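The values are calculated or read from the model by the stated rules, or taken from the named source; none is laboratory data. In this text the structure is predicted, and so the values were computed from the model without any measurement. Here the Cβ is made from the backbone with ideal geometry for all residues, glycine too, and neighbour counts use every protein chain on show. Note: accessible area is taken over every heavy atom of the protein model, side chains too, but ligands, DNA and RNA are not part of it. Shrake-Rupley method; radii C 1.70, N 1.55, O 1.52, S 1.80 Å.
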Amino acid sequence: MALKFCPLFSGSDGNCTFVGTDNTNILIDAGGSGKQILCALEEIGVDPKDIDALIVTHEHSDHVKGAGVISRKLDIPIYATDGTWYAMSIGGISPSNTKVISSGEPFVINDMVFTPFDISHDALEPVGIHIRAGDLTAAIATDMGFATEDVRDYISDADVLLLEANYDEEMLRQGSYSYPLKKRILSDKGHLCNDEAGRLVSSIAEGRLKKLYLGHLSQENNNPVLAYKTVKRIVHELCKVDVQKELMMEVALRYRVSSMTKLEK
Ligand SMILES: [Zn+2]
Ligand SMILES: [Zn+2]
């Protein structure tokens, strides 16, 4: 069994991740134009016709911009929570392509099992996604003001993890954002900062985590080098795990395809 995982683009402007096995190809979020998503698939060598489904984590435009187009063009189902279906505006989707999922309830697509879990974010019913393919696991946890115990549990057995490292606290506080926007980002329902990402990784790094992508970086209040260095330092301080020797880590690219992780077991 193989598990493939590749962030196609990641950041406050748009998010889309590919996950798959040898038989299944899934997109998680479609926060770009249809063209951008199709180009990214071409780049990783996946025929769009082979995409089986799209899973949407929540209704914010950086996650759903291309969802309607992609579903209609490829005739694939969209899986989203009730709240997300209610809140997202993506145009008409046929009933047969409308699939409702619930936090804590696993659902199966071919040989993969997906379990949505609650995240603390200012959307109607947002979720992170735990992914299982045979004995291999992955998780996506972005868009969260803080990591609950529940989130920690769901990501703790991941072989591959895409985790939010949205902002550097000092850059955000000193930066040009308006006070209400700063308050929103810093709140429990906003986004995760580099330090918190580092602490969260430290709490699971001695488990089975093999590959970590830092993602959903703010353009304005973070940069890839700072996010990488901060998380590496905190992980080393708190649990002595040496990033790059014992744990592969990279920052998911904002507008381009990141490297594909393929695990086999
Ligand atoms: Zn969001
Ligand atoms: Zn987002």
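Rounded to the nearest 10 Å², what accessible area does residue 257 show when all protein chains are kept and the probe is 1.4 Å?
Counting only protein heavy atoms, residue 257 exposes about 30 Å² to solvent.
Under 20 Å between alpha carbons, and skipping anything fewer than 8 positions from residue 211 in its own chain: which lysines qualify?
Within the straight-line cut-off, residue 211 pairs with 4, 229, 232, 240, 245, 262, 265.
Measuring from centroid to centroid over Cα atoms, what is the spacing of segment 141-172 and segment 213-257 in Å?
Answer, in whole Å: 12.
Label 7 Å along Cα→Cβ of residue 229; segment 243-265 residues with amide nitrogen under 18 Å?
Once the point is set 7 Å along Cα→Cβ of residue 229, 243-244, 249-252 turn out to lie under 18 Å by backbone N, inside segment 243-265.
How much accessible area does residue 183 have with a 1.4 Å probe, in Å² rounded to the nearest 10?
About 120 Å², rounded to the nearest 10.
Given Cβ point charges of +1 (Lys, Arg) and -1 (Asp, Glu) and nothing else, what value in debye, to the nearest 20, does the dipole of the chain about its Cα centre take?
560 debye
Quick one: ranking 186, 263, 3 by accessible area, 1.4 Å probe, largest first, what do you get?
Order by accessible area, largest first: 186, 263, 3.
Multiply the residue gap between residue 73 and residue 174 by 0.36 nm, knock off their C-alpha separation, and tell me the result in nm, one decimal place.
Answer, rounded to one decimal: 32.0 nm.
For the chain, what relative contact order do you get, as a whole percent, if you take Cα pairs closer than 8 Å and at least 6 residues apart?
20 percent
Counting DSSP beta bridges in segment 2-255, what percent are antiparallel, to the nearest 5?
In segment 2-255, approximately 50 percent of DSSP beta bridges are antiparallel ones.
What is the Cα coordinate range of segment 2-255 on the first, second and third principal axes, sorted by size from largest, in whole angstrom?
For segment 2-255, the Cα extents along the three principal axes come out at 49, 43, 33 Å.
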